[in-house]
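Notes follow the structure.
Bear in mind these aren't lab numbers, they're just calculated from the coordinates by the rules spelled out. Quick caveat: nothing in here was measured; it's all calculated off a predicted structure. Because the Cβ atoms are built from the backbone with ideal geometry, glycine has one as well, and the counts that use them run over all protein chains shown.
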Amino acid sequence: MTPEGSLLAAEGLRKAYGPTPALDGADFSIHPGEVVAVMGPSGSGKSTLLHCLAGIIRPDSGTVRYGTHALTELTDAQRSALRRTDFGFVFQFGQLVPELTCLENVALPLRLNGTKRKDAERQARDWLAQLEVDGVDGQRPGEISGGQGQRVAVARALATRPRVIFADEPTGALDSLNGERVLTLLTNAARDTNAAVVLVTHEARVAAYSDREIVVRDGRVKDMAGRI
Amino acid sequence: MTLLRSRPHGERDTTVPAPPPAPPRTGPARWARDLAMGMRFAAGGGREGWIRTALTAAGVALGVAVLLFCASAPTLMNAWHGREKARENLGQAHPPPRSDRTVLYAHTDTVFRGTAIRGRLVRPDGAHPPAPPGMRHLPGPGEMVVSPALKDLLAAPDNALLRARLSSYRIVGVIGDEGLKGPRELTYLAHSDALSELTGYRIDRFGKSWDPRPLTTPGLVLVIMTCVALMTPVMVFIGTSVRFGNERRERRLAALRLVGADVRTTRRIASGEVLFGSLLGLLGGGALFLAGRLLAPSITLWDINVYPSDVTPGPLAALLITVLVPTAAVLVTLVAQRGVTVEPLGIVRNRPPVRRRLWWRVALPVAGTALLVPMAIRPGPIDDPLATGCLAGGSTLLLFGVTALLPWLVDRVVGRLRGGPVTWQLAVRRLQLSSGPATRAVSGITVALAGAVAIHMLMTGSQAGYAAAYAESGRVPQISLWGNGASWQQTERLLSALRATPGVTTARGLLDANAGRMPTPDHDTDRDLPGIIGVGTCAELRKVAHLPSCRDGDAFVTDGHRDSGTERGLTPGATINLNPPDASDEPVPAPRPWTVPPSARAAQLAPLQDGHRLYYDLLLTPSVLDTNRLTRPSVEALVRFDRDTPDAVEHIRNTAARIDPTMMEGSSIDNPHDRQYDGIRTTIFIGAVVTLLLIGAGLIISTVEQLYERRRLLSTLDAYGTRRATLGWSVLWQTALPVALGLALALSCGLALGSLLLTIIGSDVIVDWPVVAGMTAIGGGVILFVTALSLPPLWRMMRPEGLRTE
């Protein structure tokens, strides 16, 4: 049963990789504009939960509902379309296309959605300015610092004005100063656009930016606020 | 403060660290150890390691096989020529006297529906004649032995006319391999009692000493260009395959550095991995070669068809290939590792981005053109060593120039591309960042295609020259026949038989023989050119000359001197010699005097008729001269036929063979060069296709390798919801751009080189556009082929598993 008013909710998710269970009856829900930190030790199933919630992978059982959609019942193409239009992603590394400039990277999801190049690049330029990296437009990812790269990645995640942003260890490869700046920008931008943020991390200081924390352990979810 | 505690003499200090390990051995032993370690890694490197090893082995195997085939060419030609030399003896230099061990020998070569058939007649003088290779003894009277291919041809139901031509002889055996030039040769040897000293040579042995003609300059250029065009793609393929799985190999090498291996050791270990693949390739190449040569009997190139055992490389060449190919593979690896330093924590690529300079890349084709253009502008002899060197060097430089120019061209073109849809942008940006791997693989296409187009043009131009000549000569449907003549009556019988042959419209012919001036004490006739006497009825004579009037007993002196400055003395009332010397080294024969009738009148030879020049100096009606007095008279007939009558030419040949099987034929009906050139052109086309597929395989390796290195990025793009088709199209553009540029460059270079070569050999420049279009289409097919085969791994790598870090 979906908690009332939630934007995205999962119930009884089970997912195993071979004999090893990654999720074992996990439940989850998030409301619009809410930032939820998903915490837990390495190998607890945090990333798997995020991938199931985002429709990147199908759980073995259980349901994921996004608004009126049952994600688990959509085809691969429908889930892909949803990810293009409604979801944004920030990963720890390996997410920017190295051969494209930063501006083109931010414009990429817009262009994949059919926005014309000039329009896409104008919007991308705005986002880069908002993320305080407007000086890196013409540079390639290999030519900028890790912190700048991660801000570009956040700008790209926000470019399509998604309703849910999935961030998997977004500051894992950054020093604390850069990490905090990225998180501040990400969460502020999300709140400004009323986007929900699923923030996977194993660092307590990162979780501090969230409205609510849940812990994944042995494939099960425990809501630190006692709410499912 | 004492830092070192003193200890009593003799006390053992257990705190002293162990001495450093002995320095590693140096020199060949160390090389061998590191290479062996690399080979062990290659063998135990898991699935990816085995794929890399298999790809390297496949590339090396192809290279080895190509080299072994090329190295077999001299042996093959020697074997082919050697069998011909061992079995032939037409026109023995010093004819032996008749004995128990001599045989009369004549050739009866014929053509059946455009296919040449070698025929030989024998008639032993005694009980112990020699036998040529391939048979224990000569066939008996009315019998013949045939090659297996001719036996099959004779047995075919449609070939009744050929069976009729050889119906005088019964097949009693098959000629063995050593008596045949090749397994598909059509030949027979028959015993004919009709053979006489007039129609055959007397010989006492089979086997003739003669040297094959050396390769002509165009032939040499062809061989060099073929080797360059074939070997370059193979080298490119090896270069591509050794890079497969680089990432994992580099991780392994980094791990070795972490435990103390130095940079040079890691390079040697990497070389060892490649050495393992190349040694396997060496074995595979040997097996490929052995399997490939089994196909030799089914292949005929330029009328050369050989046995598998003939395709054997020389021992030195085989040894060089065995040693040099694995060495080359190791060198390629070492060169590929330039600028890459394996550090304990990973790879450091310390080469700055390559700035591709134009000057030296242009220098190669410019130098090639500079060598060829002067030869094209001022055509001269091309068979001297300098000209051959210029031709070979110029062609090779032009072909290699294409390879050198391509990376620069791709860089420049993709560097200027802007805009376009996302798929296009992803591909263009990727190429802008790193076009090296794709360009490297495509450079093989350019050399192969440029070489193929140039060779094809060379073939087409030469073939067109022959075709034009044959078309001109064969414009009138006619066939000329000549052979030994006995008398006018025999000539008349031949003409009557020919006129009665189906399809024959007209036939004319004369009995002819040589005649010259009588020798005198003050004039040595040894070096005189003989005049020609033609004997025939008035009706026949009128077909070759304008006669004032004619009846039997008339004689005519013509204006038909071949060299108007030479007076042969065949004038009315002159006594001439019917047995003139024949300018050979044989003793001058005894003169046979005969007086030209004083009543002989002047006649004018008909103008050039039917493309045949008439050379008669004296025309006689049959009763003027007893033809038995002529020396080795011959008969020549010209037969016209109706093209619409089926097999008219074969009927004419059958008639001639029935009258005199040793009669020879001269006609432009069948152009043998068409078949020769068609075979070569087909082979080149197939070779180009195979080469392009090989390049395609190299491109797949390079594309999949790139995809593998970017699998995390692909998974991320998938997470964003990127469509599979988007990335599929991007792969297509990424392949298509360098291939299209390579094709354009290859076609330009191939057409330029082909035009130059054709101009140099004095042939018209003709481009076989359908073939050029076909090769371009195959290039396009390679793009689709590579893209199609890259899609499954692309989609596999777009799976979310790539996002997992734990």
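Counting other C-beta atoms within 10 Å, and keeping those with at most 15, which DSSP coil chymotrypsin sites (Phe, Trp or Tyr not before Pro) do you find in the range B:687-735?
Within the range B:687-735, no chymotrypsin sites (Phe, Trp or Tyr not before Pro) qualify (loop, at most 15 other Cβ atoms within 10 Å).
Backbone amide hydrogens, once placed in the peptide plane, bring A:VAL200 within less than 5 Å of A:VAL38, A:ALA167, A:ASP168, A:GLU169, excluding anything fewer than 5 places away on its chain.
Here the residues B:ILE269, B:ILE532, ranked from fewest to most Cβ neighbours within 10 Å of their Cβ, fall in the order B:ILE532, B:ILE269. Positive contributions from Lys and Arg (+1) and negative ones from Asp and Glu (-1), summed over other residues with Cβ under 10 Å from the Cβ of A:LEU7, come out at 0. Around the Cα centre of the protein assembly as shown, unit charges on the Cβ atoms of Lys, Arg, Asp and Glu (plus for the first two, minus for the last two) sum to a dipole of about 3480 debye. The ranking of B:HIS81, B:HIS128, B:HIS456 by Cβ neighbour count inside 10 Å, starting from the fewest, reads B:HIS128, B:HIS81, B:HIS456.
Residues whose amide H comes within less than 5 Å of that of B:GLU143, counting only those at least five positions distant or on another chain, are B:ARG170, B:HIS191 (H built at 1.01 Å from N in the peptide plane). Backbone phi angles across the range B:116-129, fed through the Karplus curve with coefficients 6.51, -1.76 and 1.60 (θ = phi - 60°), yield HN-Hα couplings of 6, 10, 8, x, 9, 10, 9, 8, x, 7, x, 8, 10, x Hz in residue order; Gly and Pro are listed as x. For chain A, modelled as a Gaussian network with Cα springs under 10 Å, which listed residue fluctuates most, A:ASN105, A:ASN194, A:ASN113? Fluctuation is largest for A:ASN113. Compared with the direct C-alpha span, the chain from B:ARG551 to B:ARG799 gains 78.9 nm at full extension, assuming 0.36 nm per residue. Legend: ranking of residues B:TRP360, B:TRP302 from fewest to most surrounding C-beta atoms inside 10 Å; resulting order B:TRP360, B:TRP302. What does the charge count around B:ALA500 come to, taking other residues whose C-beta lies under 12 Å from its C-beta (Lys +1, Arg +1, Asp -1, Glu -1)? Here the count lands on +3. Within the set of other residues whose C-beta is less than 15 Å from the C-beta of A:LYS118, count the net charge using Lys and Arg as +1 and Asp and Glu as -1. That sum, taken over residues with Cβ under 15 Å, equals +1. Scanning chain A for trypsin sites (Lys or Arg not before Pro) that sit in a DSSP loop and have at most 14 other Cβ atoms within 10 Å, the longest stretch containing none of them is A:1-115. Shape class for the protein assembly as shown, computed from the alpha carbon gyration tensor (a ≥ b ≥ c): prolate, with a/c not under 1.5 and a/b above b/c. Per residue, the protein assembly as shown reaches -16000 deg cm²/dmol at 222 nm when only DSSP H runs of four or more residues are counted, each adding -39500 (n - 2.57). Expressed to the nearest 5 percent, the antiparallel share of DSSP beta bridges inside the protein assembly as shown is 70 percent.
Under 5 Å from the amide H of B:THR505 lie the amide H atoms of B:ARG640, B:PHE641, B:ASP642, each residue being 5 or more positions distant or on a separate chain, with H modelled from the backbone and absent for Pro and chain starts. In order along the range A:178-183, the Karplus-derived 3J(HN,Hα) couplings, from 6.51 cos²θ - 1.76 cosθ + 1.60 at θ = phi - 60°, round to 5, x, 5, 5, 5, 5 Hz, and Gly and Pro are given as x. Only lysines eight or more places from B:LYS151 in sequence, or on another chain, were considered; those with a Cα closer than 19 Å are B:LYS181. 3J(HN,Hα) couplings calculated from phi for the range B:175-181 with the Karplus curve 6.51 cos²θ - 1.76 cosθ + 1.60 (θ = phi - 60°) are, in sequence order, 6, x, 3, 5, x, 10, 6 Hz; Gly and Pro show x. Counting only residues at least eight positions apart within a chain, or on another chain, the lysines with an alpha carbon under 25 Å from that of A:LYS46 are A:LYS15, A:LYS222. If you average the C-alpha positions of the range A:57-106 and of the range B:72-128 separately, how far apart do those two centres end up, in angstrom? First find each Cα centre; the distance between them is then 82 Å.
Separation of the range A:168-215 and the range B:292-336 by C-alpha centroid, Å? Centre-to-centre (Cα) distance: 65 Å. Counted over the range B:89-203, the DSSP beta bridges are approximately 60% antiparallel.
Relative to the dominant Cα principal axis of chain A, helix A:102-112 is inclined by about 60°.
Distance between the 7 Å Cα→Cβ label points at B:ILE51 and B:LEU283: 2.3 nm. Within the protein assembly as shown, the cysteines lacking any other cysteine Cβ closer than 4.7 Å to their own Cβ are A:CYS52, A:CYS102, B:CYS70, B:CYS227, B:CYS390, B:CYS749.
Applying both filters, DSSP loop and at most 13 other Cβ atoms within 10 Å, to the trypsin sites (Lys or Arg not before Pro) of the range B:374-466 gives B:ARG418. The separation of the range B:722-783 from the range A:119-142, counted between C-alpha centres, amounts to 40 Å.
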